[in-house]
Structures are given as structure tokens and as C-alpha cells.
Amino acid sequence: MATTFDLISPDFLTITRNNEWHLDAFNVPNELYNVQVWDTGVIYFSPKNNASEQEQAFVFSSAIHGNETAPIEICTDIINDLVSNTLAIKHPVLFIYGNPAAINISERFVEENLNRLFSGRHTKADPESNAALPFENKECERAAKLEEYVTRFFELHPQAERTHYDLHTAIRDSAHEKFAVYPFIHGKPWKKQQFEILRAMGVTTFLLMEKAATTFSYYSSNEHKANSFTVELGKVRPFGENDQTKFASAKQTLINLLKGTHFDGESFDATNYQIMTVFREINKTDESFELSFADNVANFTEFKKGQELAKEKGEAIVANEDGEAIVFPNAHVAIGQRALLTVLPTDISNNLV
Ligand SMILES: [Zn+2]
């Protein structure tokens, strides 16, 4: 029989960190909830005797990047309150700590960025037989398993509206401290209610993506039709050094959602938001690629038309528009990969529900 834990001492985060890549599944006796640990870092709560109220199903993921501690702390607080029955919720929830081994080394990842491995990117096929090759590394295997768990969770609640918030903090400062990436939804309308929920978390800056991606949020959006976002809640800091007041509204909003609070999309007002769309994707095509601004320049910093953004093979890459703002710059990507996005404000009033 598998080892079981009460999840109180040690708590689920500690157990997860002690079992970096695998933990046998087990159930945890609990008065209010069906509590099931599906794997290391993967725990499911479903209220007992409450089937009629399960019209929402939530996935809250953290530690897809291991050193992004604030979201881990938020989720740990909620998990521990659920385990100890000091928090009463209505809706089922799956919590995921994405990369426990990376948490333990305080790094984004061990071998490969987990948030570039979803939607099948974790598995490569043999070009001759088309059979799946063994996973290239443990993060690939983890991404495949996380997809299975998200699928299992949503299948357990087939009637529920699906929501997934993949919680992160950023390495770089941001001109807008909190922001969310709205994955590409293939022309479907953006949801006012989701904007309002995220605004309650303190997020008013949105980046609307315009193509498929290998991120966790695009996976759950595209594969499971979930309301899905990559949510950047602030800046990366070590455990214990996060200013909890900066994350209080995010945590409280997640709790309110689980408790069944209704958020009214009709209060949506575009003037409360900074909604941006991708203007240009600048790929690194040569080893000589370098950014023309300092490492401490914040995400969403605006440039003037003609200002230099980067340099490659001795040639300047400049802003094409006034107000072109930079996001996710990284000169250290592999050749052919995206080194920088630039974004511009957009008006989405004609495609909102
Ligand atoms: Zn991250």
C-alpha cells in the first residue's frame, strides 16, 4: 500500500518538495471534501454532498517556473486551509505545483522550460515509424502528465464551466505590476466576466495573443475550452520575501471564486484596462543578437518610432511605431526562437461577450 499523509504535518508543499518527480496517488480522509493526491504537486478537492452546486471547476497552477514563489505561497495557504477545514468552498478545484524539482533548486526549470512543452511539444515522434520517442527530459514527462491530470479533472466535472489560472511572477520589472496573457482563442469573443475577475485580483493589463502557443494556459484554453490565463502577479522573490499585501487581492479573489462568488461581467468598462495586442515578434536569427536596452528595463516600457530595440549582425532593429512597448525580452534564446515581443494598445469592443 502506498504511503499516505494527513497533509497537515508535513503539509502538501513539503511532501511535494520531498518527492520531486513522482508520488503515488492516495486519498486523504476529510470531513468536508473528497481530497485526492494524484501525484506530486497535484491535489484535487471536491465538496461532498454538493453535486448540484458544481457548476464551476477551477484549476490553479503555480511553480510551472520553480522560482516563482509568491503563487506557490498563495496556493499553499488555500490548500492548507482546505485540508484543515477552515475554509468552506462550493466548487471543485485542482491545484498543481508544476515543477517541484525546480522549486528545490530555486530555478525556473531544471533542464527545459516547462511552459514551452504543452500541447504535445513534450513528445517527439520517430520520423520513420511515427512512434513516440522516449521523453527527452523529466520536464517533458511532467508536461505530459499535467495534461493528463487537467483532462481527468475536467472529465470528472463535465457540466461545469472550466477555468484555469496559471499563476506566475516575472523576472523583470513591469510598468504594469500585474498583467495577464489571454491565450489565442481563435477568433472567439473575449469575456468581460473574466476581465472583471482578473481586475479583482489586481490585474488590469492584458496581452491578447494571436497565435497558438506551447504554454499551459493555451493548452487548457484550446484543448478544454477553459477560461484560461497566464497571470503574472509581480516580481520573482525567494520564499518568505514576498510582500503578502501585494498578493492579498489575488488570493482573496481565488478563494471567492471557490466559494461561489459571482462576478458580474456587465460592470466591464474598457477605461479600467490596458488591453494590448502583439504588434511584432522579433526572433533571434544569429548569435550576434543583442538587446539595445538594459536588463532592468521594465516589461511594457514604451519606445518611440525609430528608437533602437535590438541589434543583430551589426544592424539595428528599431521601433516602427510610437508607443511600441516591449514584453518578455530574452536575448539568450536559441537561434530561431522569439527574443522579444512588441505590443500596442488595441480596441476589442467589437468582439466581447
Ligand atoms: Zn513564470
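Laboratory data are not the source of any read-out in this text; all were calculated from the coordinates shown. Bear in mind the structure is a predicted one, so any value in this text is a computation, not a measurement. Neighbour counts run over all protein chains shown; Cβ positions are idealised from the backbone, glycine included.
Which loop GluC sites (Glu not before Pro) in the range 266-311, with loop taken from DSSP, have no more than 11 other Cβ atoms within 10 angstrom of their Cβ?
Values: sites: 266, 281, 287, 290, 302, 308; in loops: 287.
Sparse-neighbourhood loop GluC sites (Glu not before Pro): 287.
Go through 320, 239, 16 and say which Cα lies farthest out towards the positive end of the charge dipole of the chain; charges sit on Cβ, +1 for Lys and Arg, -1 for Asp and Glu.
Positive-end residue among those listed: 320.
Under a straight-distance cross-link criterion of Cα-Cα below 23 Å, which lysines are reachable from residue 145, leaving out those fewer than 8 residues away in the same chain?
Leaving aside lysines fewer than 8 places away in the same chain, those within reach of residue 145 are 124, 225.
Greater than 31 Å separation of Cα atoms is the criterion. Which listed pairs, 138/284; 138/311; 192/284, meet it? Walk me through the intermediate numbers first.
Numbers: 138/284 27 Å; 138/311 35 Å; 192/284 36 Å.
Result: 138/311; 192/284 exceed 31 Å.
Calculate the dipole size of the chain relative to its Cα centre from +1 charges on Lys and Arg beta carbons and -1 charges on Asp and Glu beta carbons; express the result in debye to the nearest 20.
420 debye
Dipole of the range 112-159 (Lys/Arg Cβ +1, Asp/Glu Cβ -1, origin at the Cα centre): which of 133, 153, 123 lies farthest to the positive side?
Of the options given, the answer is 153.
Quick check: from the Cα gyration tensor, does the range 97-188 come out rounded (a/c under 1.5), prolate or oblate?
Working: a/c = 1.70, a/b = 1.17, b/c = 1.45.
Oblate.
Given N residues in the range 26-139, what is its alpha carbon radius of gyration divided by 2.2 N^0.38 Å?
Values: Rg = 17.1 Å, N = 114, 2.2 N^0.38 = 13.3 Å.
Relative to the rule-of-thumb radius for its length, the range 26-139 sits at 1.29.
Taking the Cα atoms of the range 278-345, what is the range of coordinates along each of the three principal axes, in descending order and whole Å?
Sorted from largest, the Cα extents of the range 278-345 read 30, 21, 20 Å.
Classify the chain from the C-alpha gyration tensor, please: rounded if a/c falls under 1.5, else prolate or oblate depending on whether a/b exceeds b/c.
Values: a/c = 1.76, a/b = 1.38, b/c = 1.27.
It comes out prolate by the Cα gyration axes.
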